[in-house]
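The values are calculated or read from the model by the stated rules, or taken from the named source; none is laboratory data. Predicted model, so just to flag it, every value in this text is computed and none were measured. For neighbour counting, all protein chains shown are included, and Cβ atoms are generated from backbone atoms with ideal geometry for every residue, glycine included. To get the accessible areas, we keep the full protein, side chains included, count just its heavy atoms, and leave off ligands, DNA and RNA. Shrake-Rupley method; radii C 1.70, N 1.55, O 1.52, S 1.80 Å.
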Amino acid sequence: MRWLSVAALLLGVIACLPDAPERVSAHRISAPRPKRMVGGSLTASVPWQAMVYLSENILDGGFAGGALISERWVLTAGRNLFIRKSQNHTRGQEPLIPKVYVGISDRYHANASTEVAVEKVFLHPDFQNTSDWDNDLALIKLKEPVKFSESVMPIPLPETGDNQEEREGERGIIAGWGYGRLFTPAPILKFLALPIQSCKGNYSAKVLANTPNLDNRQFCTGPSKYQENVCFGDAGGALALLNPNTSTVYAAGILSFDKACSVEELAVYTKISAYLPWIHNVMRGDSKESPERRAAIINHMLSLQQ
């Protein structure tokens, strides 16, 4: 997960790379980082971490991260479902059906034994409506429910009172197999503890031109105290936060802008709480007519009780 030279970074931008993060139990936020590690600490298991895979070759879409949120649903970044990620290349195109792997830490364990078949993907209807980073979410429906175990476990969505992502300095955990300073992906899942950092408006970039225009449906993290950050291949993973009032872990955001690397400061996440209605509608299987039909049914029943 740590980070490239400016030249390698720009090469990656031109190639329109994908993304993937890393993770660990949120109870290990203060775990010491082995000094020999570059760009995060190795983790034995992040049970909600999924790999969203298009290709081993980054020029053909590569692989990225995802978050298992129920026995049949994975939440990821919408850009992970396209080979070329920019608005100019995705406009009018259908998202690809990826391979999905769960319960793995070693990237090379992504094989037939850990693959879960995909039934359908749902791209947010306003995905990239004005820029490359707008509404960067997708839901992946699995054909069969996964069996939960110590290595396969969903992460909860935010509930009332889960708002740690709005508190500057709060630290969350992000995990993945993303690219490091030698421009190679991590073979073993790694994680970082990153602090929430205030951000709004235009992204203040040092090098990159294509950066998000931030609004209240996004939030940011800064680099770790070792100046480590997310990088190519980390998008789609969930930033896990621990609510100290309830001692519960939840997915606060899905990493979208993973190009911070070693030259930019902020990683940008799509704020999950801002998209809960859409997420629940898709998972319920709602059609466009469903809300109107439900309202009509209730109104009719209420009228009979007058």
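Summary of values
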{"read-out": "The stretch 99-231, relative contact order in percent, only Cα pairs under 8 angstrom and at least six apart counted", "value": "19"}
{"read-out": "Solvent exposure, largest accessible area first (probe 1.4 Å, DNA, RNA and ligands not counted), of L54, L59, L142", "value": "L59, L54, L142"}
{"read-out": "Longest to shortest principal axis, alpha-carbon extents of the stretch 92-231, angstrom", "value": "43, 39, 38"}
{"read-out": "Cubic angstrom per residue, convex hull over Cα atoms of the stretch 246-298", "value": "136"}
{"read-out": "Per-residue HN-Hα couplings for the stretch 199-214 [Karplus 6.51, -1.76, 1.60; θ = phi - 60°; Hz; x = Gly/Pro]", "value": "7, 6, x, 6, 5, 8, 8, 8, 10, 6, 8, 8, 10, x, 9, 7"}
{"read-out": "Extension reserve of the S113-K141 stretch, reckoned as 0.36 nm per residue once the Cα distance is removed", "value": "8.2 nm"}
{"read-out": "Cα centre as origin, Lys/Arg/Asp/Glu Cβ charges: the stretch 77-220 dipole, Debye", "value": "560"}
{"read-out": "Karplus-derived HN-Hα couplings along the stretch 216-227 (A = 6.51, B = -1.76, C = 1.60, θ = phi - 60°), whole Hz, x at Gly and Pro", "value": "6, 9, 9, 8, 10, 10, x, x, 6, 5, 9, 6"}
{"read-out": "Long-range amide H partners of V118 with built H, under 5 Å", "value": "K143"}
{"read-out": "Farthest positive-ward along the stretch 207-293 dipole, Cα basis, beta-carbon charges - from A274, F219, G285", "value": "G285"}
{"read-out": "Centroid-to-centroid separation of the stretch 166-197 and the stretch 248-306 [C-alpha atoms, Å]", "value": "25"}
{"read-out": "The stretch 171-306: relative contact order in percent, alpha carbon pairs under 8 Å with at least 6 residues between", "value": "21"}
{"read-out": "Candidate lysines for bridging to K190, where Cα separation is under 29 Å - those fewer than 8 sequence places away on the same chain excluded", "value": "K35, K85, K99, K120, K141, K143, K147, K200, K206, K225, K259, K271"}
{"read-out": "Nonlocal amide H pairs with W73, under 5 Å, H built at 1.01 Å", "value": "L142"}
{"read-out": "Most to least packed among 270-281, 159-170, 234-245 [average Cβ atoms within 10 Å]", "value": "234-245, 270-281, 159-170"}
{"read-out": "Ratio Rg/Rh [Cα only; Rh per Kirkwood] for the stretch 51-128", "value": "0.96"}
{"read-out": "Order by protection proxy (mean Cβ within 10 Å, highest first), peptides 291-301, 223-233, 83-93", "value": "223-233, 83-93, 291-301"}
{"read-out": "Additional length obtainable on full extension of the chain from D106 to Q87, 0.36 nm per residue less Cα span", "value": "3.6 nm"}
{"read-out": "Cut-off under 5 Å, modelled amide H: who pairs with G253 long-range", "value": "L239, I272"}
{"read-out": "Calculated from backbone phi, Karplus (6.51, -1.76, 1.60) coupling profile of the stretch 183-194 in Hz, x at Gly/Pro", "value": "6, 10, x, 6, x, 10, 4, 10, 9, 10, 9, 10"}
{"read-out": "If the convex hull is drawn through the Cα atoms of the stretch 180-306, its volume per residue in Å³", "value": "190"}
